[in-house]
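These notes are about the structure you will find just below.
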Amino acid sequence: MKKNKNIIALMIIVIMSIAIRAIFINNKKNVVEYNTKNIILIASDEQFKQVYNQVFIGKNDKMVKDYKAIEKRANEILEEPLCIHEIDEGNRMLDVSRKCKETSEILGFMIKVLSFDKNNQYKEIDRYSKRLKEELINVSQFEDWHPDHFLDVAEMTYGVALGYNWIYDYLSEEERNIIENGILQNGILPSVDIKYERSFANSRSNWNPICNGGVAVGAIAIMNKDININLDKINNYDITKKFKEDLGENIKEISSKELCQVVINRAAEKIPIVMEEMQDGAYEEGIWYWEYGNSYLTNFLATAQLSLNNTFGLLENDCMKQTILFPIYMTGKSSNILPESTTFNFGDADEIIVNTSPSVWLANQYYNDKELARIVNWYQDNYYVNKNIYAMLWCKQEYKAENISNEELQNLLQNINDKMYSGTEVAILEKDKSDKQGIYVAMKAGQNSNTFHSDLDIGTFILDASGTRWLEEQGREDYNVKGYWKRTGERYNYYKKRAESHSTFILATKFEKYELNNTEYIARADQNLNANCKIIDFKSDNDKSFAEMDLTSAYFENESEAKILRKITLDKIENKVILEDNINTKDKCNIISMFNVSEDTKIEVDETGKIAILSREVKQEDGSILEKQLEAIIQSEEYTWNIIANKPLNSELTNVDMYPDFQGNLDYEENSKLSINMNDENSINLKIEFKPK
């Protein structure tokens, strides 16, 4: 009897243990298990095989050219040293992460493509795999991937995971363990610490898709592996409430598989937050950050689709389809950087054209819209010169530009001209996207200081004509300069970030002062930091298109003080742009209208002061030099042009003794720009015509 009681007691203990364990597991309510044996990152073997066939069998000229460019870079990487754990002056390790990521992309791509060479004719595969293996093992043994700047972790996690997956069969079990441990300990684990996660999880900036997506790709790469978790690291982490809810309070009992699943789920849950910021397809942080954020978003979705057969409903969000054409609308007609065109680079961006592989992948997902895929692939073939591995893997050959007749192309492109993005308050005026010698005008209203990459640029516009850019954006300053990320502080001591460096207005007496940390540095904002200006009217037709912006709140607190309207019209018949500014203020004031003329442009003003001739020599594709000109004619009787230096008007901002850290403000004195002074007035009607000669 006693024996039976002991057996019963033991059974009760076992049952209770099972029940307790079941309760713990059930408490992990958000852990969705993904059961898959096929972990595929970015592209399937079939997609790599198509590249091999196009390059080595079909001899597709464009694919061969792109492949040769990638092969050249791969051979250069073979001679470069391994990455080292190095933090730069901006407290980032991002260059190191990107170097590792590039090594994985380029060498991994070459290895995957050449794996279809069954006769082993191309011996380079052994050198590529050896070098990539060395790099992956090297960085996986770093002490960390610098989580204090989490972009460093995200890009490194993605790069290591990609290389690991693409050369998996070339790695020994011991080598796999080293790399898997690096992905888990240095990539995935830090992301559950609240002090790191708070920088990206709920962000409305590019940090959201980059960090969530990059770490999630790492999680997918090792999700089927049982890896020992470093409990010492966990003990030092302040685990987020979200993870405790998903995994239970006893975080130490978590397995690596469970952790990977929750990280994947987090990405699926959090990425839609930033998608809310591009509901009409535009990206408030500008074209560079459209590419940066959406590259990681589409890389995550491509991987989840192939490995998990799941895109989490994100493709059903209409903004994903609308954003496909954003970089195409943002591409102008300037060939200042031959053979590429340039973009409307507001905010922290350079004007060079961006990679649009996110658009390629997204366009191919909407398989019923073949026209969309053809437009994107035409754009890739004709505008983006430096192809990358993603575009090569994702472009469907049946949609390539060479398969489209000129007539079909024109029909496809007829609606890719005028565009208004109401969320970002950006408007584009253009007659024919395929005509690189035509006129392209892009303008911006919107909000000041609403992103970390915003300028005080409300009212600015750029102008392309005759294959060159005449009015431009200055682009970004050095990211490491003092106070650059303080949006209500020193950022606006930097000329490139101020209204006076853009083609918009400044009020001569309008400077808001912000004292910072009781130091001598004073930021001088020349537009209201909280301004939010709208495009109040927009019209597109075959003869004339226009956009009108209300810029009042950029300079005045309410409309009882003033009303400032700027209207820009593209006359498609007469091939000219008309700028009309109507300003009415309660009290008389001094307003200066700035026109940021492109670098290397010669400016001459005639004896009347009404006509400015802009001239520049442009290198043609055949190597010849052609002089091009643009006339800027003031139609208003009372105003004339001034030629001024392209530098801050306020002398304090050029005083290196007073502002030693603002050295960047001295870089512009050799260039010139145009301005119009409107002094002591309260009713201004300014009209200017811009016409290529």
List, please: which pairs have Cβ atoms under 9 Å, are six or more places apart or on different chains, and start with a residue in the stretch 361-376 that is assigned by TED's automatic domain parsing to the domain that holds Leu314 and end with one that is outside any helix (DSSP H, G or I) and among the hydroxyl-bearing types (Ser, Thr, Tyr)?
Gln365/Thr311; Leu372/Tyr366; Ala373/Tyr366; Ala373/Tyr367; Val376/Thr356
Would you check if Ile264 is closer than 20 Å to Ala154 by Cβ, surrounded by fewer than 22 Cβ atoms within 10 Å (Cβ to Cβ) and not small (Gly, Ala, Ser)?
no
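Give the number of residues within the stretch 52-64 that are under 29 Å from the mean Cα position of the chain (by Cα) and either touching a residue at least 12 places away in the same chain (Cβ under 8 Å) or not assigned by TED's automatic domain parsing to the domain that holds Cys100 (or both).
Taking the stretch 52-64 and keeping what is under 29 Å from the mean Cα position of the chain (by Cα), we get 62-64.
Narrowing further to those that are either touching a residue at least 12 places away in the same chain (Cβ under 8 Å) or not assigned by TED's automatic domain parsing to the domain that holds Cys100 (or both): 62-63.
So the answer is 2.
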Criterion: of a type in the set (Phe, Trp, Tyr), modelled with pLDDT under 75, touching a helix residue (DSSP H, G or I) at 6+ places or on another chain (Cβ under 6 Å) and assigned by TED's automatic domain parsing to the domain that holds Gly281 - qualifying residue of Tyr399, Tyr379:
Tyr399
Tell me which residues, restricted to the stretch 519-542, are charged (D, E, K, R) and at pLDDT below 95.
Glu520, Arg524, Asp526, Asp541
Taking helices (runs of 4 or more DSSP H) that do not extend beyond the stretch 127-227, which have at least 1 residues that are basic (Lys, Arg)?
173-182, 194-197
Does Thr601 meet the test of being of a type outside the set (A, V, I, L, M, F, W, C), closer than 26 Å to Lys431 by Cβ and in contact with a Phe, Trp or Tyr (Cβ under 6 Å, 6 or more places away or on another chain)?
no
Name, by its number, the condition in (1) over 20 Å from Tyr421 (Cα atoms); (2) surrounded by 24 or more Cβ atoms within 10 Å (Cβ to Cβ); (3) at pLDDT 85 or above that does not hold for Asn493.
(3)
Criterion violated by Leu107 - all others in (1) outside any helix (DSSP H, G or I); (2) surrounded by 19 or more Cβ atoms within 10 Å (Cβ to Cβ) satisfied
(1)
Can you tell me which residue in the stretch 280-297 is surrounded by the most Cβ atoms within 10 Å (Cβ to Cβ), limited to those that are out of contact with any Phe, Trp or Tyr (no Cβ under 7 Å at 6 or more places or on another chain) and closer than 15 Å to Gln447 by Cβ?
Glu285
Restrict the check to the stretch 89-98 and report whether at least one residue is in a helix (DSSP H, G or I), closer than 20 Å to Ala221 by Cα and at pLDDT 95 or above.
yes
Out of the residues in the stretch 401-449 meeting the condition of being of a type in the set (Lys, Arg) and part of a strand (DSSP E or B), tell me which one is nearest to the chain's Cα centre (by Cα).
Lys444
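Go through the stretch 527-557 and report how many residues are part of a loop (DSSP other than H, G, I, E, B) and either surrounded by fewer than 18 Cβ atoms within 10 Å (Cβ to Cβ) or hydroxyl-bearing (Ser, Thr, Tyr) (or both). Before you say what the answer is, go through the steps one by one.
Initially, the stretch 527-557 is screened for residues part of a loop (DSSP other than H, G, I, E, B), giving 527-531, 540-543, 551, 555-557.
Still in the running and either surrounded by fewer than 18 Cβ atoms within 10 Å (Cβ to Cβ) or hydroxyl-bearing (Ser, Thr, Tyr) (or both): 530, 540-543, 555, 557.
Residues flagged as part of a loop (DSSP other than H, G, I, E, B) and either surrounded by fewer than 18 Cβ atoms within 10 Å (Cβ to Cβ) or hydroxyl-bearing (Ser, Thr, Tyr) (or both) within the stretch 527-557 amount to 7.
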Hits in the stretch 558-602 - residues which are over 17 Å from Asn685 (Cβ atoms) and either surrounded by 19 or more Cβ atoms within 10 Å (Cβ to Cβ) or polar (S, T, N, Q) (or both):
Asn558, Ser560, Leu570, Lys572, Asn575, Val577, Met594, Phe595, Asn596, Val597, Ser598, Thr601
In contact (Cβ under 8 Å) with a residue 12 or more places away in the chain and under 23 Å from Pro209 (Cβ atoms): does that describe Glu155?
yes
Restricting the search to the stretch 110-126, which residues are part of a loop (DSSP other than H, G, I, E, B) and of a type outside the set (Gly, Ala, Ser)?
Phe116, Asp117, Lys118, Asn119, Asn120, Gln121, Tyr122, Lys123
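When residues of the stretch 543-560 are filtered for being charged (D, E, K, R) and modelled with pLDDT of 90 or more, how many remain? Show your work before the answer.
Of the stretch 543-560, the ones charged (D, E, K, R) are 543-544, 548, 550, 557, 559.
Those still in the list that are modelled with pLDDT of 90 or more too: 543-544, 548, 550.
Residues flagged as charged (D, E, K, R) and modelled with pLDDT of 90 or more within the stretch 543-560 amount to 4.
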Which condition from (1) closer than 30 Å to Val274 by Cα; (2) of a type outside the set (A, V, I, L, M); (3) free of Cβ contacts under 8 Å to residues at least 24 places away in the same chain is the one that Lys118 breaks?
(1)
Among the numbered criteria (1) of a type in the set (Gly, Ala, Ser); (2) at pLDDT below 85; (3) assigned by TED's automatic domain parsing to the domain that holds Ile254, which single criterion is violated by Ala69?
(2)
Pairs please, first residue from the stretch 166-183 and assigned by TED's automatic domain parsing to the domain that holds Leu259 and closer than 22 Å to Leu259 by Cβ, second anywhere and of a type in the set (Phe, Trp, Tyr) and part of a helix (DSSP H, G or I), Cβ atoms under 6 Å, 6+ apart in sequence or on different chains.
Ile179/Tyr164
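Kindly establish whether Glu515 is surrounded by fewer than 17 Cβ atoms within 10 Å (Cβ to Cβ), of a type in the set (Asp, Glu) and modelled with pLDDT under 80. Don't jump to the end; show me each part of the working.
Details: surrounded by fewer than 17 Cβ atoms within 10 Å (Cβ to Cβ): yes; of a type in the set (Asp, Glu): yes; modelled with pLDDT under 80: yes.
Here the answer is yes, as Glu515 does meet what is asked.
The values are calculated or read from the model by the stated rules, or taken from the named source; none is laboratory data. Just so we're clear, the structure is a prediction, and the values are computed from it rather than from any experiment. Backbone-built Cβ (ideal geometry, glycine too); neighbour counts: all protein chains shown.
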